[in-house]
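Just so it is clear, none of the values below were taken in a lab; they were calculated from the coordinates. If you're wondering where the values come from, they're calculated on a predicted model, not measured in any experiment. Note that we place each Cβ from the backbone using ideal geometry, even for glycine, and neighbour counts take in every protein chain shown.
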Amino acid sequence: MIHPALDQILSALSVEIDAFAICTIATDAGIAIRRLDLIEVHFVLAGTLHLVVEGCEPMLLGPGSVIVVPPGLEQDMAGSETPLVRHSPAAICTKRADGFDVYAASGKDGETVKIVCGEIQADVSGLYGPFGGITRPILASLGNVPFVRNAFATMLSEVNMPGIASRTLCGALMKACLVLVLRHHIVEHGTHMLPGIFRRPWLSKAISAVLERPADPHSVASLASLAGRSRSSFAKEFTDEIGITPMDFVSQTRLLRASALLRQTPLPVATIAARVGFASRSHFSRAFRATYAVDPTSWRRNTEIENVSHVH
């Protein structure tokens, strides 16, 4: 059973995936991938991928498989256990009109493996990357799940016959599948190998409270009480895991929510300040300027100008 706080975190995840690459690999070919400073996720759309990730046992991934690869690890993708030729990504990369990078690892045999790859930009309300602490790959084979099967079929169709917004559609489907991968991993393996936000329900509970009710009068003491921890241990462990203090997290969550309201609504600045938990407009404006280097009114005006320019 998933802890209720973990379920809240899963639902609060703002997971963005940039679907950036398509890989096709012949049976007798492979691609040697250097260490990258990003969290990759691979979706096997067709064929069987032979994957070796640095420090891990070789893996066989069939259609419907999803694997999240931590940053900084070398990878070797192949269409068989003993490919005759290994390509460097730079040598086989072309750019498709819709923005996808295409890596075609050719050989004497025809292509058998087709993969779509994405970069995970995952955070909680824009502040905390739950995947940031991942050190081992997270793997799930979900081909028997009807939603995943249909999502993969759609992605394969978009890869083979691109249409309007193919890359955007693939990214959205990848995002939905990734939540299922996390849920599957937690159900099958618990929170083993997942970053601390999943291993520490008390931390998830405190973060969820801030995300759901940013305007509440949160304090270190109130959040510690909610988490069932002493004030001192809560403050230290929260800062160690998240990278900022509990009250900085509260402030940044409020500012992020305020920026969304400035962008999406015509509400007065003072109303937005009160709605996200600031005691006064002046306090809100000072905090907003310190973070965004501009006052809320100017930020809203600049955003409106950017939106108009994008339309034209």
Out of LEU261, GLY277, LEU203, whose Cα points farthest toward the positive end of the dipole of the range 200-311 (charges: +1 Lys, Arg; -1 Asp, Glu; placed on Cβ)?
GLY277
So which lysines pass the test for LYS108, namely a Cα distance under 27 Å, with those fewer than 8 places away in the same chain ruled out?
LYS95
Sorted by mean Cβ packing within 10 Å, highest first, what order do the peptides 169-180, 84-95, 223-234 take?
169-180, 223-234, 84-95
Using R₀ = 30 Å, calculate the FRET efficiency as 1/(1 + (r/R₀)^6) where r is the Cβ-Cβ separation of ASN160 and GLU57; round to 0.05.
0.40
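So, with +1 on the Cβ of K and R and -1 on the Cβ of D and E, and no other charges, what is the size of the charge dipole of the range 200-311 about its Cα centre, to the nearest 20 debye?
220 debye
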In deg cm²/dmol and to the nearest 500, what is the mean residue ellipticity at 222 nm of the chain if only DSSP H runs of at least 4 residues count, each as -39500 (n - 2.57), divided by the residue total?
-14000 deg cm²/dmol
Which order do peptides 97-110, 22-35 fall in by mean Cβ count within 10 Å, highest first?
22-35, 97-110
Would you list, by chain and number, the aspartates and glutamates whose Cα falls below 18 Å from the Cα of LYS175, excluding same-chain residues fewer than 8 positions away?
ASP7, GLU16, ASP18, GLU40, GLU119, ASP123, GLU158
Counting just the Cα atoms, what span does the range 200-311 cover along each of its three principal axes? Round to the nearest Å and put the largest first.
49, 28, 22
Take each of the peptides 263-269, 240-246, 65-71, average the number of other beta-carbon atoms within 10 Å over its residues, and list them starting from the highest.
65-71, 240-246, 263-269
Can you tell me how the range 60-125 classifies by the Cα gyration tensor, rounded, prolate or oblate, using a/c under 1.5 as the rounded cut?
prolate
Summing Lys, Arg as +1 and Asp, Glu as -1, what charge do residues with Cβ under 13 Å from the Cβ of VAL52 carry, VAL52 excluded?
-4
Hey, how many Å between the Cα centroid of the range 42-75 and the Cα centroid of the range 238-275?
38 Å
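Give, as a single signed number, the net charge of other residues whose beta carbon lies under 12 Å from the beta carbon of PRO268, with Lys and Arg counted +1 and Asp and Glu -1.
On the way: positive: ARG275, ARG281, ARG300; negative: none.
Here the charged neighbours net out to +3.
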What's the exposure ranking of LEU256, LEU49, LEU262, going from fewest to most Cβ atoms within 10 Å?
LEU256, LEU262, LEU49
If every Lys and Arg gets +1 and every Asp and Glu gets -1 at its Cβ, then about the Cα centre the chain yields a dipole, in debye to the nearest 20, of 1200 debye
Tell me which label goes with the value of Rg and Dmax of the Cα atoms in Å computed from the coordinates here: [x] 22.2, 70; [y] 19.9, 67; [z] 19.5, 58.
[x]
Please give me the summed charge of the neighbours of GLY107: other residues whose Cβ is under 13 Å from its Cβ, Lys and Arg +1, Asp and Glu -1.
-1
